[in-house]
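Everything on this sheet refers to the single structure shown next.
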């Protein structure tokens, strides 16, 4: 067995979650802060001492004192572990920034700030080579520095960097993307990456751990931490760490679909969903009665999940004679329904659903 | 349905006796009674009997109460297709005791009571609500026709009637519900009338706007923080540069070198300064030697002159002493002369004084003589005056009065004589009268008894008594005599004399008093006192020289004395001056002598003096040499000092630089600490976190607002469409009523077209192309339109099933004759199928209606 350590990243401490109601917001913030205990427990279970955090420990360049001190206290409490924190694009080590504040506050002995691009010895013969973000826009591949870092002959070199790669560049400047062969070029046994919030292999002996606690609607393997054994650098072990599940779902309907049936796997009847946040985008066409059923179903689910964000602008309601006969007979309301169904106005579909709902209840 | 009887008791005007109408007919019924009969009460009684709940305690039930007190009772007999019934309602003003009964006629068996009875009645009336129904729509209360349109309740009834006409309105109830749900939902977002955002919508918009300003504020704060961060960074860099160790070390080394150089310069400076002091000391010593030499030379010169002066002083003293002897003798002679003159002058002065005193005594003697004379004269005057005063003691005699008294006597005598006989001896003689001889030619007045003797013949004539005249004369004579006697005069002349001498005495006394006053103004005592004083004075000597003789001699002596005194003073001055000079000469000689002695003792003899002089010269020479040596030494040193000054200046500059850098660094650090503190405080608050939160909130709030807006639009669209459909439907369903009303309106009003809005307000009556709104219609037209709509509805109701009675309280009050006739026709047409009941106070108006007259009687006793 080689040298083993815990690879994590993108804690994004101090994230506000303001769009959620106060209760959920509190829970989400709590969950973020609990990352430290969760990872500490994992580390102990796996018998590792070092926790390497590959950037974006904090969500902002200038978090509040509260956001700074509370995590520090929790790390201090895990005194049997060594935490190696590196600045990322969210929390670069700019002058007079949060890292300087941390230094002024005084960090616990078991917390190490990787503010300079130079090797730091983790243990005898084991070095971490960090590529910290010095500013908000360094404009280059910071991991290139790792190539030039000198370590004693035969030392074990573990890289720590934070940026996108060619695969996952999103909006990043291409100049800043990490070279795909960085592990080789810099003679690294393993390159621990941060930035991409999902767990992902990014090259030879190169992995994104993803964020240990999901924070956005994206189905990309969020909520894990990696236990790395340098003897098996291409096969880090993935461990689930998330408290909350953020589910992004889409559903497209056709008339005749049973909307409840179709959404059953998103809202499994036999699972507790109070720690699941769902962003559901529905589109397609439903009949008036199906649409009514869908609305009622979603209202029920809204009460079960921690949060439901529904995007239904893409859904239109179709009326057919059967619907109308059943619901509205042939009187005035039927005329209204037919006129709504025929209307090109964007609000007509919603108006129709209202009519359906009011006529039924 | 038809009403067959109405009975009321204890209802409004109608007391315990009550009122009953038992003869309702199927067609048109008319109850024509004057005002205040209680027709409106009967109208209300019908409504109450059919619709009101006796257990209700509300405005309408309370309005039924009679003023006199008591509980209203209403009975209505009616018949319908279902049979004949009696409704009995007792209004007790509360739940207790109130009641509704539905009885079967004619058995009067109770079919139902209370709520069951009320429900049954409502069913028979086809009422949608328990309080109103088709009759409510059809019954036109007094004045109601002027209110435009139908009440809400009536409208509902009308809609109910109409909707059953239209097949497509089967889901009418749902429309109402959907509409009210839609409105309720929309009302959560906006005010229906104004479209103003309200409730959730307003909150969402407000939240967005609040958050927008929050975001702006926080952005500002973050910007501030960022600016501050840059500033702190700049300051920090500058601080690092200033405190950079290499540079600091270089400056320190430079400073150290400069300090060494400056120290050397300082030593040179000190040396020069010391030499300068030595030079100054040498100069001072030289000066002292020179001073001593000068002093010695001066002393020698002085000795020489003093010795010369010694002889001159002695000669001067002798001459001055001679002068002093002369002046002394002159002074003695002048003094003697002055003393002789003084003695002579003194003697004369004494004699002059003696003479003056003696002459004063002589003047006093003369005064005493004069005073004695005056005293004698005063005594005389005073005695004379005393005497005169005695004279003047007798009273004054009134001479005028005396003259009057004399005149009175003369007058009385004259009067007496004029009356008396006169005896005249013409010739012959001698004859006597009363013993006295009568002379020829002289008449004698006779009085009393006159004895005439002629020649021995004796004759007696008795002149009769002329009493009055004699008495008057006697009185006047008596008065005169008394006056004279009082005056102490013998006769009138004597009295005048006495008076004259008295007057003279008065004048004399005045004169004497004046003289006395003049002689002794202060009285006799003053004169006597002065005399006494003078008598005591010394007697003058008789053998002295007179003053005028002595005076010239004295003046002469005085002049001589003055001259002698002046001479003496002059001699004294000369003597004093000579004496001063002598003293001065003596002092000068003594001083000179002393100086000589002093100088000699000081300078010694001739040989000693020469030695001293030579020594002084040597000292001066030595001093000059010493000074020259120091001066050249200093000159050499001052060259070094000039070089040293450059080193000092450099040190100063370097020190100044160091000081300024230190200052800058210190203020820089202070500023840095302060700014950093501010920055840390801002950071501690987590402005960025707050901003991120606010941005997220704003995004959410904006989405929420958009969602609500979408909902609002959808609801509004739904509502608009419902409104639109309803309007269309109304047009369709109203048509049957309009079809009934239109021909009647044409007949009654000559109106060509008639429209009603959704509340049954007449919208326009087009007559001869003229469009009129509700507000422009006359009261009569509105009343008639109200009647027409009721007839229309009654027909509609009749066509749908059981006809309901039409009840009109005082209709057609404003109609003209033509319209009344048309109205009668219309009512008769309706009366074919519907019972009509009319209450009116205009009996004649309805004469031609041909209605069945209703009779009233008391509430039946059973």
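Modelled label positions at residue B:632 and residue B:602, each set 7 Å beyond Cα in the direction of Cβ, lie 3.9 nm from each other. To the nearest 10 degrees, how steeply does helix B:524-536 sit against the main Cα axis of chain B, on a 0 to 90 scale? Result, in degrees: 50. If R0 equals 60 Å, the separation of the Cβ atoms of residue A:44 and residue B:659 corresponds to a calculated FRET efficiency of about 0.50.
Convex hull of alpha carbon positions in the stretch A:4-240: directionally averaged projected area 12.1 nm². Full extension of the chain between residue B:475 and residue B:58 gives 135.3 nm of extra length, using 0.36 nm per residue less the Cα-Cα distance.
Please work out the Kirkwood hydrodynamic radius for the stretch A:245-360, using every pair of different C-alpha atoms, and report it in angstroms with one decimal place. Here the Kirkwood hydrodynamic radius works out to 14.8 Å. Computed on chain A, with alpha-carbon pairs under 8 angstrom and 6+ residues apart, the relative contact order is 13 percent. Helix A:348-360 and the longest principal axis of the C-alpha atoms of chain A enclose an angle of approximately 60°. Relative to the dominant Cα principal axis of chain B, helix B:399-419 is inclined by about 80°. Distance from the C-alpha centroid of the stretch B:536-577 to that of the stretch A:117-180: 152 Å, rounded to the whole angstrom.
Percent relative contact order of chain B, based on C-alpha pairs within less than 8 angstrom and at least six residues apart?
26 percent
According to the Cα-based calculation, Rg over Rh for the protein assembly as shown is 1.56, with Rh computed by the Kirkwood formula. Each of B:50, B:211, B:260, B:446 has some number of other Cβ atoms within 10 Å of its Cβ, and from fewest to most they run B:260, B:446, B:211, B:50. All C-alpha to C-alpha distances of the stretch B:401-482, sorted into 10 Å bins beginning at zero, yield P(r) values of 18, 37, 28, 15, 2 percent in whole numbers. A convex hull fitted around the alpha carbon atoms of the stretch B:481-590 yields 303 Å³ per residue.
Using C-alpha pairs below 8 Å separated by at least 6 residues, the relative contact order for the stretch A:146-278 is 16 percent. Cβ crowding within 10 Å, taken as a proxy for footprinting-reagent exposure, orders A:209, A:174 from fewest neighbours to most as A:174, A:209. Taking the DSSP beta bridges with both ends in chain A, the antiparallel portion is around 25 percent. By other beta-carbon atoms within 10 Å, ranking A:273, A:333, B:748, B:410 with the fewest at the front produces B:410, A:273, B:748, A:333. On full extension, the segment bounded by residue B:240 and residue B:563 gains 104.4 nm, given 0.36 nm per residue less the C-alpha separation. Mean per-residue shielding of peptide A:67-77 is 1, counting Cβ atoms of other chains within 10 Å of each Cβ. Of the beta bridges in the protein assembly as shown, as assigned by DSSP with both residues counted there, near 55 percent are antiparallel.
Based only on the alpha carbon positions, what is the Kirkwood hydrodynamic radius of chain B, in angstrom? Could the numbers behind the result be given before it?
Values: mean 1/r = 0.0189 Å⁻¹.
Computed over Cα pairs of chain B, the Kirkwood hydrodynamic radius comes out at 52.8 Å.
Rounded to 0.05, the FRET efficiency of the residue B:404 and residue B:510 pair, given R0 = 25 Å and the Cβ-Cβ distance, is 0.25. The stretch B:636-709 and the stretch B:712-736 have their alpha-carbon centroids 72 Å apart. Compute the distance from the alpha-carbon center of the stretch A:12-74 to that of the stretch B:302-381, in whole Å. Between the Cα centre of the stretch A:12-74 and that of the stretch B:302-381, the gap is 143 Å.
Bear in mind these aren't lab numbers, they're just calculated from the coordinates by the rules spelled out. Just so it is clear, the model here is predicted, and its values are computed rather than measured. So basically every Cβ, Gly included, is an ideal-geometry build from the backbone, and we count neighbours across all protein chains shown.
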